[in-house]
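The values are calculated or read from the model by the stated rules, or taken from the named source; none is laboratory data. What you see is a predicted model; the values in this text were computed from it and never measured. Methodologically, a virtual Cβ is constructed for each residue, glycine included, from the backbone with ideal geometry; neighbour enumeration extends over all protein chains shown.
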Amino acid sequence: MAKKITVNTIQKYKDSNEKFSVLTAYDYSTAKYIDEAGIDIVLIGDSLAMVALGYETTHSIGVDEMAIFTRAVAKGVSHAMVVTDMPFLSYHTCIEDAVKNCGQMIKLGANAVKIEGFSEYILSVIKRLTESGIPVIGHLGFTPQFLNTLGGYKIQGKTKEATDEILRQAKELEKSGVFAIVLEMVPQESAKYITENLKVPTISCGAGKYCDAQVLVSDDVFGKFSEFKPKFARKYGDMKSLILDSARKFDYDVKNGNFPSDEECF
Ligand code: KIV
């Protein structure tokens with residue numbers, strides 16, 4: 001049985017220039033197979049609001065829903081690090097709420113949490129969480145929970161000034177205690193510069209090949225979610241066809257008396 005991935009493993013990957021992989025999961029059996037496949041971090045992303053619950057944006061999901069999915073995923077994983085993406089407004093009202101909500105995910109089996117954005121307040125939240133024994137992943141560049149203030153799905157860090165600003169923020173997150181930082185929708189060369197100037201690893205979500213790790217939404221990778229596919233996602237499977245095909249065959253067999261067979265009865 002492979003050893004459990006910890007914050008130390010993740011830092012060792014960075015120090016030895018070794019890439020690592022991150023995939024989202026939202027349920028027990030998917031998490032189990034992703035873990036078996038050797039993925040390093042299983043993220044219960046708040047993307048589940050859209051791909052698993054059919055909400056329009058990630059804003060609608062709450063702590064109680066994230067808790068259900070965190071418990072299910074954590075039960076399926078034995079090797080990978082389990083990280084819960086903290087939902088919109090679950091860590092913004094005050095530090096006490098942040099510790100309580102993030103702490104709840106750890107109690108349910110997560111090994112760390114991910115929080116989006118940058119401000120003096122966010123830095124103090126990260127500091128308090130790590131002081132409380134809750135490892136944190138930061139998230140810069142395009143941050144979906146700030147969709148309305150950013151004015152849409154926009155690439156971040158397109159100029160030298162904007163890249164320097166993301167690096168400045170990343171260094172502050174690093175000082176406050178994050179053990180990794182997701183860079184979302186940042187041009188590849190900007191992400192390269194940021195990655196080369198940080199001690200903690202960067203995780204690319206549409207930020208190119210020079211980051212230390214790559215993350216994708218598993219429903220995109222498995223070809224399950226079909227309403228849209230981000231430019232940076234790669235489809236490795238075709239679960240939509242598999243589900244359609246299996247459901248159609250079952251429907252046909254039921255309606256034509258082919259299911260169940262004698263062997264499938266008591
Ligand atoms: O919600 C999510 O799944 C994410 C990752 C894709 C970074 O935040």
- Message: Cβ-Cβ distance below 8 Å, separation of 6 or more or different chains: which pairs start in segment 3-19 with a residue that is within 22 Å of ASN197 (Cβ to Cβ) and touching a residue at least 60 places away in the same chain (Cβ under 8 Å) and end on one that is in a helix (DSSP H, G or I) and not aliphatic (A, V, I, L, M)?
- Response: LYS19/TYR13
- Query: Within the group ASP46, ASP27, ASP40, which residue is closer than 19 Å to VAL113 by Cα, surrounded by fewer than 18 Cβ atoms within 10 Å (Cβ to Cβ), among the charged types (D, E, K, R) and within 16 Å of the ligand (Cβ to nearest atom)?
  - Reply: ASP27
- Message: I'm told GLY62 meets every condition in (1) farther than 14 Å from VAL82 by Cα; (2) surrounded by fewer than 20 Cβ atoms within 10 Å (Cβ to Cβ); (3) touching a strand residue (DSSP E or B) at 6+ places or on another chain (Cβ under 7 Å) except one. Can you identify the failing condition by its number?
- Response: (3)
- Tally the residues that are away from the ligand (no atom under 14 Å from the Cβ) and in contact (Cβ under 8 Å) with a residue 40 or more places away in the chain, restricting the search to segment 50-71. 2
- Item | Counted residues, segment 128-184 - those being of a type in the set (S, T, N, Q) and closer than 21 Å to THR58 by Cβ | 6
- Task: Count, please, the residues in segment 159-204 that happen to be in a loop (DSSP other than H, G, I, E, B), over 20 Å from the mean Cα position of the chain (by Cα) and among the β-branched types (Val, Ile, Thr).
- Result: 1
- Query: Quick one: is LEU150 more than 16 Å from the chain's Cα centre (by Cα), free of Cβ contacts under 8 Å to residues at least 60 places away in the same chain, within 16 Å of the ligand (Cβ to nearest atom) and within 17 Å of SER119 (Cβ to Cβ)?
  - Reply: yes
- Message: Name the residue that is surrounded by the most Cβ atoms within 10 Å (Cβ to Cβ), counting only residues in segment 211-253 that are assigned to a loop (DSSP other than H, G, I, E, B) and among the hydroxyl-bearing types (Ser, Thr, Tyr).
- Response: SER226
- Query: Could you list, in sequence order, the residues of segment 72-112 that are charged (D, E, K, R), touching a residue at least 12 places away in the same chain (Cβ under 8 Å) and surrounded by fewer than 22 Cβ atoms within 10 Å (Cβ to Cβ)?
  - Reply: LYS75
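Residues are listed down the side, and each one gets a yes or a no for (1) outside any loop (DSSP other than H, G, I, E, B); (2) away from the ligand (no atom under 16 Å from the Cβ); (3) not assigned by TED's automatic domain parsing to the domain that holds GLY45:
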residue: VAL83; (1), (2), (3): yes, no, no
residue: TYR91; (1), (2), (3): no, no, no
residue: VAL99; (1), (2), (3): yes, yes, no
residue: GLY103; (1), (2), (3): yes, yes, no
residue: ILE122; (1), (2), (3): yes, no, no
residue: LEU129; (1), (2), (3): yes, yes, no
- Query: Within the bounds of segment 211-224, is there any residue that is of a type outside the set (A, V, I, L, M, F, W, C), farther than 23 Å from ALA37 by Cβ and at pLDDT 95 or above?
  - Reply: no
- Query: Residues of segment 25-49 being farther than 20 Å from ALA213 by Cα, assigned to a helix (DSSP H, G or I), without any contact (Cβ under 8 Å) to a residue 60 or more places away in the chain and not aromatic (Phe, Trp, Tyr), which ones?
  - Reply: SER29, LYS32, LEU48, ALA49
